[in-house]
Each structure stands twice: as C-alpha cells, then as structure tokens.
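The values are calculated or read from the model by the stated rules, or taken from the named source; none is laboratory data. Treat the numbers as computed from the prediction; the structure is a model and nothing was measured. A quick note on method: Cβ atoms are made from the backbone with ideal geometry, for glycine too, and the neighbour counts reach across all protein chains shown. The protein model used for the area step is the full one, side chains on, heavy atoms only, and it has no ligands, DNA or RNA in it. Shrake-Rupley method; radii C 1.70, N 1.55, O 1.52, S 1.80 Å.
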Amino acid sequence: MILGKRLKEARMACRYSQADLANRLSVSQSAVAHWERSKNEPNLFQLKALSGLLGVDEHWLAFGNAKKTSVKVIALLTNNELKPPMADNVQHVELPPYANSEELLEAICVTDNSSYPEYRSGDVIYVTRSTGNIHELSSAGIECYIETDDGKHYLRRLVATSDPTLWTLVGYFSEPIANQRVRFARAISWVQRNTKSRERHDN
C-alpha cells in the first residue's frame, strides 16, 4: 500500500473529512486530496504532524511497516443493540497497522446495517479500556460505550440532567433514553470502516 492509501485509511478511521484534516494541519483541502491520490507527498514536518493528529505510527505512515496486535471483542452491534459475543468463543480482532498499539483498546463488531449511516456491517468500533470521567465525556460530546445501573450496554452520548446522578443517553438515530444512572462510560477511540461493505452499499 502506498503512502496516499495509508493516509486515507487512517483519516477515515478517525472519521475526519479531508477538510477536517486540512484545517487541523493549516493546509488546503486540495493538498490533502493530492497526498491521498499520490500526486505528491507531505514533507517531513507535515508527516510528523499527520501521524500525531491521526494517532498512527509515523514509520508506518511513511513506510508501511508496523507490528501486529490483537484486541478482545467485547460486544456485537446487532439490530442497533449491543449484544455480548458467544460466551464459549472468545473473539479477537487484529488492529489495523496504523493503530497505536500502545493504547489499551477493546472492540465492538458491527454485524448488520441497522445503525446505518453511522455504522455499517463489518465496521469495528474500538473503545478505550479505561473508564472516563462522565462529566468530562458529556461536556466533550463524545460517543461512549456505556453501562447503566441495570446492567445494560449502549453506544450513546451522555447529556446531563438537572439531577447530577442521572443522565440522558442520546444516539444519532435512536430515541433518547432518559434518567439513567451510569456505572461507567468508556470513550470510542476510533472506528475501522469496512470499505468493501461501504462500496457495495453506495453502488
């Protein structure tokens, strides 16, 4: 894989548009487009900045080499609901080569298109293994893997209520779930898109 394709793959995993990435780098959108089409390449300073913004290994971005790491699958996203994987079959997925193997992650695998257009069949959602500060995650508007007091799990954003112990869980294409007590919330780190499924769906 050439540098342009690696850059595009890492950008899409972070859910940045070309314009988003360009703004963060203070370059034009056309410059990012040219890099991804391999019409030219970023300079060394830009390469370092890109690897930092996208959370990827600089050596992998430049040359395509990285070690392989697998992470545990903790849930399946099916019918727009989170379900545990088969209890007798511990599943793992391999991190893409651009992933930061030092970050402690676990995976949620998307099995169908019920959460389209946010997620599609074959996407892998990576969540941090460490729990975050709920108030900070709410203020940042970050989508999280959440467990409520009744033991249910959701992919939602947290919205504060007038009661500091209760939260409203808001999804992109789901009805809000009000007045929930939250045991923990773990931020979504990034999403590996199933580009083959996406191409079939778009055609």
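Points to keep in mind about this one:
- Here T168, T148, T111, T131 are screened, and the one residue that is hydroxyl-bearing (S, T, Y) and in contact with a Pro (Cβ under 7 Å, 6 or more places away or on another chain) is T168.
- Residue check for Y116: modelled with pLDDT of 90 or more and either under 23 Å from K72 (Cα atoms) or surrounded by 13 or more Cβ atoms within 10 Å (Cβ to Cβ) (or both): no
- Filter result (assigned to a helix (DSSP H, G or I) and exposed (fewer than 14 other Cβ atoms within 10 Å of the Cβ)) within the range 35-53: L44, F45, G52
- Reported count of residues in the range 4-27, each being free of Cβ contacts under 8 Å to residues at least 60 places away in the same chain and closer than 16 Å to W60 by Cα, is 5.
- Some residue of the range 139-158 being modelled with pLDDT under 90, open to solvent by less than 30 Å² (accessible area, probe 1.4 Å) and either out of contact with any Ser or Thr (no Cβ under 9 Å at 6 or more places or on another chain) or of a type in the set (G, A, S) (or both): no
- Hey, A10 out of contact with any Phe, Trp or Tyr (no Cβ under 8 Å at 6 or more places or on another chain), of a type in the set (G, A, S) and open to solvent by less than 60 Å² (accessible area, probe 1.4 Å) or not: no
- Candidates L158, L169 - the one that is in contact with a Lys or Arg (Cβ under 6 Å, 6 or more places away or on another chain) and not basic (K, R): L169
- Against the test of being open to solvent by less than 30 Å² (accessible area, probe 1.4 Å) and in a loop (DSSP other than H, G, I, E, B), the options V27, V32, V56 yield a single qualifying residue, V56.
- In the range 13-24, residue modelled with the lowest pLDDT [restricted to those that are in a loop (DSSP other than H, G, I, E, B) and open to solvent by less than 60 Å² (accessible area, probe 1.4 Å)]: C14
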